[in-house]
Amino acid sequence: MTAKKVLVIDDSIMIRKMVKSILSGKYDVLEASDGKSGLDAARRAFPDLILLDFVMPKYNGYQTLQAIRRVEGLQKVPVIMISGLKEQVTEHVPEPFTEFDFLEKPFEADVLVARIQNFLTPETAQQTSSAATSRTAPVSTVPKEMPRAEEPSLQMIVNRLTATETLLVQGIENLIQREVVARFIELNTRIEHQDNAIKSLNQRMEKISEQIDHQNKGLMVILRELKSLQGK
């Protein structure tokens, strides 16, 4: 059976790799680093679901979504919008969200998988519920109970590690963004200082030129007087 395709559109390579790691073995994960390349990838692959970052350069997530919806065959593809702050989305798109689902960063691995399964395999929830009911019957021996007791603990550890990894990734991205902004401000400050220095130098040059012109005029007057005296 061919795995269903999930397209991840996010300008963070770390987020894309993390999502690909979480969904590995469950879905065929495609990647795009911005809205334009994401739109091109969606046109080529026609994914079963799109995981779309809201904050991206040039085109934000909602602008990208609008472009995707104009493509024949992609109008009804489920889209999960992701963002570090829900307010970033509601500033552009008021609630309730009707054109997409929303998932706030950082998200845990099981939450992401469950959200995707709600769209791609809605029967999963019923199967999980039935399986949980069937396991309520008493177990005859203690050794058979031990593996089930260990599974939630292991899953909890995996979830916590994934959440920690997500926070670390976002923390690194924030540090990089702050560093870029700080360097940009520093560069602008240097440019302003240089512009001021050039402006001051130009003003001094103008004053010197004026002084030279004034002196030249004085010399011309003296020369005319000297010529006049020689003529006499």
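The values are calculated or read from the model by the stated rules, or taken from the named source; none is laboratory data. If you're wondering where the values come from, they're calculated on a predicted model, not measured in any experiment. Virtual Cβ from ideal backbone geometry, glycine too; neighbours counted across all protein chains shown. Ligands, DNA and RNA are excluded from the accessible area calculation, which covers all protein heavy atoms including side chains. Shrake-Rupley method; radii C 1.70, N 1.55, O 1.52, S 1.80 Å.
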*Are any residues in the stretch 102-145 open to solvent by less than 40 Å² (accessible area, probe 1.4 Å) and at pLDDT 50 or above, and if so, which ones?*
Phe102, Leu103, Lys105, Phe107, Ala109, Leu112, Val113, Ile116, Leu120, Thr121
*Answer residue from the stretch 55-79, given it is in contact (Cβ under 8 Å) with a residue 12 or more places away in the chain and more than 23 Å from the chain's Cα centre (by Cα) and is surrounded by the fewest Cβ atoms within 10 Å (Cβ to Cβ) among those*: Gly73
*Quick one: in the stretch 1-30, of everything that is charged (D, E, K, R) and in contact (Cβ under 8 Å) with a residue 24 or more places away in the chain, which residue is least open to solvent (accessible area, probe 1.4 Å)?*
Asp10
